[in-house]
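The values are calculated or read from the model by the stated rules, or taken from the named source; none is laboratory data. Since the model is a prediction, treat every value here as computed from it, not as a measurement. No Cβ is skipped: glycine too gets one built from the backbone with ideal geometry, and neighbour counts run over all protein chains shown.
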Amino acid sequence: MRDVNKDNITDVFMSYFGDDTDPRLIEIMQSLASHLHNFARDVNLTHAEWLKGIQFLEASGQISDETRHEFVLLSDILGLSSLVDMLHSDSRGTSSSVLGPFHIAGSPPLPFGGDMKREFEGQVLLACGRVTDTDGKPITGAELDIWQTAPNGLYSSQDPAQDTYSFHGLQTTNADGRYAFTTVRPVSYPVPTDGPVGELFNATGRHAWRPSHLHYIVKAAGFRPLVTEIFPDDDPYLDEDTVFGVRSDLVMKYTERPAAEFPAGYAISADVDEPFLLADFDLKLVRL
Ligand code: BEZ
Ligand code: FE
């Protein structure tokens, strides 16, 4: 086609595919081009604005490496990651939520009743619950990959002062499908703002904060893996999570209990001498 114009360019694009192209790739590329073209038409995109967008993407690539994923962050703060997540979440189970960029493989085993708080300052949180199927039947041997920030709001991969696996643990549910561990109360924290995404926040008057949360990946044989997070109901950022990760069924309550009620048999049972927080949260998996 040589007579390309602003009205037919989208249709012309549609015809530019080789015969052996994967049909799903054609579907995705055609829809993407169609939305991009209509976006440019809708806002009457200027050359200068187009260039600014290209420079933004280039800068996002330049700041990215194995541990810094600016494009994922961009997708997160645009709501795209959460939308994709919700499109494939199964409402029969616990809602899924964003993975985020701070999960690391190879977390050390965290036995039932084990502790992630160690020497860190802050109130003890006892996090526990059951992993069940959608009928509420406990799942024994489910694997929980757990991670959170330290009290300074940083994940271990962001903070040279922490060990690689600080505030990361891998627990297997017991015979009753239960998990339990102690940690420190998670804090709200801002996503990284020292790159192009930070500039976008500034330009659009947005804050970078996420409500405090615990991340879980839950896996059990015969069930869909669940990537999720749980949030306390008193967090000030609950209704304005900058990456849109909060779902109402992921919101839980901390209840404060006197030290005397701390259960026996936990790694830190003998050391708890101040009121602690309890978060009892069940995680429901959907069968494959
Ligand atoms: C997180 O919760 O770790 C996270 C999620 C999305 C972007 C940045 C951080
Ligand atoms: Fe997080």
Q: Collect the residues in region 1-50 that are exposed (fewer than 10 other Cβ atoms within 10 Å of the Cβ), out of contact with any helix residue (DSSP H, G or I) (no Cβ under 9 Å at 6 or more places or on another chain) and within 25 Å of ALA203 (Cβ to Cβ), keeping them in residue-number order.
A: ASP42, ASN44, HIS47, ALA48
Q. Considering VAL197, VAL218, VAL187, which residue is in the same structural domain as MET116 (by TED's automatic domain parsing), touching a Leu at 6+ places or on another chain (Cβ under 6 Å) and more than 26 Å from GLU58 (Cα to Cα)?
A. VAL218
Q) Can you pull out the residues in region 265-276 that are free of Cβ contacts under 8 Å to residues at least 60 places away in the same chain and farther than 13 Å from THR182 by Cβ? A) ASP273
**Q.** Selection status of VAL251, crowded, with 19+ Cβ neighbours inside 10 Å and not aromatic (Phe, Trp, Tyr)
**A.** no
Q) Under 8 Å by Cβ, and 6 or more places apart or on different chains, what pairs join a residue from region 105-126 that is of a type in the set (D, E, K, R) with one that is not in a strand (DSSP E or B)? A) ASP115/TYR266; ASP115/ALA267; ASP115/ILE268; LYS117/ILE268; ARG118/SER166; GLU121/PRO151
Q.
Here is a list: GLY100, GLY61, GLY106, GLY53. Which entry is within 16 Å of ligand 2 (Cβ to nearest atom) and either surrounded by 16 or more Cβ atoms within 10 Å (Cβ to Cβ) or of a type outside the set (A, V, I, L, M, F, W, C) (or both)?
A. GLY100
Q. SER95: in a loop (DSSP other than H, G, I, E, B) and closer than 19 Å to GLY245 by Cβ, yes or no?
A. yes
Q) If you go through region 98-120 one residue at a time, how many are of a type in the set (Asp, Glu) and part of a loop (DSSP other than H, G, I, E, B)? A) 1
(Q) Checking the structure you have, find out if any residue of region 125-145 is of a type outside the set (Asp, Glu), under 18 Å from VAL98 (Cα atoms) and crowded, with 18+ Cβ neighbours inside 10 Å. (A) yes
Q | region 150-164, residues that are surrounded by 17 or more Cβ atoms within 10 Å (Cβ to Cβ) and part of a loop (DSSP other than H, G, I, E, B) | A | ALA150, LEU154, TYR155, GLN162
Q. Taking the stated definitions as given, is ARG206 farther than 25 Å from ARG287 by Cβ and either aliphatic (A, V, I, L, M) or touching a Leu at 6+ places or on another chain (Cβ under 9 Å) (or both)?
A. yes
